[in-house]
């Protein structure tokens, strides 16, 4: 097992002829010390809890370079942003919204009523979360697509009260990015707050200014946003502790090196800590992809950021003996995004157990999922895809059991309840049943 490559070139990890005990240790991820970030966000969250909007304005001035007089974005600013939106961008948003709404509606669960005998029913009732706070990052890139990915499933789930926060931008007069505001207007979200980072999560959790406390917070963000979610989890529900974006590509010698390289570059564009991993049994493809990266990275707008990401310890080209070993590697890695670029890609994809989302074949790039596939791009990172799912309509629903028994139905199981209560030394439980039949 060897590893080569300089800091500015993607490294190689050669697993051919070896069988490591745990593939998860072979391709390390970016180092994120959320616990250390907690020390930074704790006083931020406390300040918001104690001083509300005043503290948020001070924090915005410190971290964003601007302190909006009013944290809630005026309705006229939302309308103005939508009016000024580039028609091509509006058309893209409308298509993205439509496709995601259709998949969310198809996934929507309905109540299930089970009859357990005459007069005995249990209904599995799906209830939307009452109020949610959605976060749309506005740091290195204002992610207008994240507005769509958060809002649409919440709306389809039937959430009655939606608030959205995104960082204020000095260049926009203390308002979030115009595209973010336009997307909110297009979706009918009229409660938008010019607040970013950990202070936005605290605002949602405690309530501050014109923002009432929420029940659930969703949406991606930087390490400080993640740390604030961890700190406030329990006071408010959270979707996940999302880390930097990551892409893994399982490919054989049928893959097009230009496509593979372009897809690695596309995700590395997000963040210097983004991960790009190619797993392949083809040495020729590995060489060709590396040559393509040299050519493509230098031609892109964010070359420095991409070089840092692809040259980091979190990225690499992993050489394997065959696709069987490759599947073992990607299932252990549990990538946020996993592309399958192999012969008979659909059959290979069917054997994937762990991934936030799987993209099948040469014409299904991750970029499609970021915008217009109809899937959601808020996905589990850092290996959490082995136990967690991406954001969906289900995240905004709660299951409530509604139990309805008649006197006769209760009588049928009363003896069992009493016996089990006595077995647990909880006699009052049994007594609560017995008393109903003594008069």
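If you go through segment 247-294 and keep only what is closer than 30 Å to residue 221 by Cβ and either over 27 Å from the mean Cα position of the chain (by Cα) or without any contact (Cβ under 8 Å) to a residue 12 or more places away in the chain (or both), you end up with just 293.
Consider segment 135-162 and keep the residues that are in contact with a helix residue (DSSP H, G or I) (Cβ under 7 Å, 6 or more places away or on another chain) and part of a strand (DSSP E or B). The one that is surrounded by the most Cβ atoms within 10 Å (Cβ to Cβ) is 135. Filtering segment 196-207 to residues that are surrounded by fewer than 24 Cβ atoms within 10 Å (Cβ to Cβ) and under 21 Å from residue 180 (Cβ atoms) leaves nothing.
The set of residues in segment 234-244 being in contact with a helix residue (DSSP H, G or I) (Cβ under 9 Å, 6 or more places away or on another chain) and under 17 Å from residue 48 (Cβ atoms) consists of 235, 236, 238. Residues that are under 17 Å from residue 16 (Cα atoms), at least 1 per element: which strands (runs of 3 or more DSSP E) completely within segment 316-363 meet that? Result: 316-319. Among the residues of segment 402-426, those identified as more than 43 Å from the chain's Cα centre (by Cα) and surrounded by 13 or more Cβ atoms within 10 Å (Cβ to Cβ) are 406, 409, 410, 411, 412, 413, 414, 418. Selection of segment 110-134 for residues being in a loop (DSSP other than H, G, I, E, B), over 25 Å from residue 408 (Cα atoms) and touching a helix residue (DSSP H, G or I) at 6+ places or on another chain (Cβ under 7 Å) yields only 129. Taken over segment 75-112, the criterion of being surrounded by fewer than 12 Cβ atoms within 10 Å (Cβ to Cβ), in contact with a strand residue (DSSP E or B) (Cβ under 8 Å, 6 or more places away or on another chain) and modelled with pLDDT of 95 or more is satisfied by 112 alone. Among the residues of segment 6-47, those identified as in a loop (DSSP other than H, G, I, E, B) and touching a strand residue (DSSP E or B) at 6+ places or on another chain (Cβ under 8 Å) are 10, 11, 15, 16, 26, 27, 29, 30. Just one of the numbered conditions (1) closer than 28 Å to residue 195 by Cβ; (2) touching a residue at least 40 places away in the same chain (Cβ under 8 Å) is not true of residue 123: (1).
Can you find even one residue in segment 376-385 that is farther than 21 Å from residue 102 by Cα, outside any loop (DSSP other than H, G, I, E, B) and not assigned by TED's automatic domain parsing to the domain that holds residue 107?
Yes, there is a match, as at least one residue in segment 376-385 is farther than 21 Å from residue 102 by Cα, outside any loop (DSSP other than H, G, I, E, B) and not assigned by TED's automatic domain parsing to the domain that holds residue 107.
Considering only residues in segment 62-73 that are at pLDDT 90 or above and surrounded by fewer than 13 Cβ atoms within 10 Å (Cβ to Cβ), the one that is nearest to residue 204 (Cα to Cα) turns out to be 62.
When residue 231 is tested against (1) in contact with a helix residue (DSSP H, G or I) (Cβ under 9 Å, 6 or more places away or on another chain); (2) surrounded by 24 or more Cβ atoms within 10 Å (Cβ to Cβ); (3) in contact (Cβ under 8 Å) with a residue 40 or more places away in the chain; (4) part of a helix (DSSP H, G or I), just one condition goes unmet, and that condition is (2). Taking the conditions (1) modelled with pLDDT of 95 or more; (2) buried (at least 21 other Cβ atoms within 10 Å of the Cβ) in turn, residue 312 satisfies each one other than (1).
The number of residues in segment 342-356 that are within 24 Å of the chain's Cα centre (by Cα) and crowded, with 22+ Cβ neighbours inside 10 Å comes to 2.
The values are calculated or read from the model by the stated rules, or taken from the named source; none is laboratory data. Quick caveat, the model's predicted, so the values are computed rather than measured. Here the Cβ is made from the backbone with ideal geometry for all residues, glycine too, and neighbour counts use every protein chain on show.
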